[in-house]
Structures are given as C-alpha cells and as structure tokens.
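> To start, I am sharing the structure in question, which I have written as structure tokens.
Values in this text are rule-based calculations from the coordinates and carry no lab data. Not measured: the values here are computed from a predicted model. All Cβ positions, even for glycine, are placed from backbone atoms using ideal geometry, and neighbour counts span all protein chains on display.
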C-alpha cells in the first residue's frame, strides 16, 4: 500500500469526507508488513515514530544530525521563553539570542 499524499478531489467542504471514504485501512494483523519512514527527529518526528511503533508498525527514522538528540526542537528548548524578560528571572534579550545561536549549531 502506498500513501497518496495528493489533495483529495471535490469541493473544499467535502475533501476530508472524501478522503476518509477512500483511504485504505491497515488490518491490525498486517501492521508488521509495512515500514513507516519518518524523516526528522524533532518533537513532531519523534512523537510520530514513538506513537506508530507503539501501534505495532515497523518504523524507520532518518535524521541529518549525527544523533537524533541533536534535532533543533531539542537543542532550542533553552531559549524559547527568554524574550519575556520577567523581573528577577535571570533572562534577557541577549540570552534569547545566545540560546538561539547555540541551539542552531
């Protein structure tokens, strides 16, 4: 079975309904026959891979980093809220830029 990622046919209001009617379902007994390829090990890719593996699919995950832990979602977590600069929290605009550059290596 090959996933057809084209936009479903028909008017916009009917696209989701048409897609659900035409999609082929995988019998639970056949899940191990399929390999699911996940590209990227950030938050979305890692979550998708873990969820599909728990459901019983063979999952292959590919990343361009030397380790899946080097994904930008994981590396950038230190600077996400730094720009707020609340009093006495030790953060600053400088820290935001520093963390962003450091996480993007």
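> Kindly state, to the nearest 0.05, the FRET efficiency for residue 100 paired with residue 48, given R0 = 25 Å and r defined as their beta-carbon distance.
Calculated value: 0.50.
> Which order do the peptides 26-34, 52-60 come out in when sorted by mean C-beta neighbours inside 10 angstrom, highest first?
Going from most to least packed, we get 52-60, 26-34.
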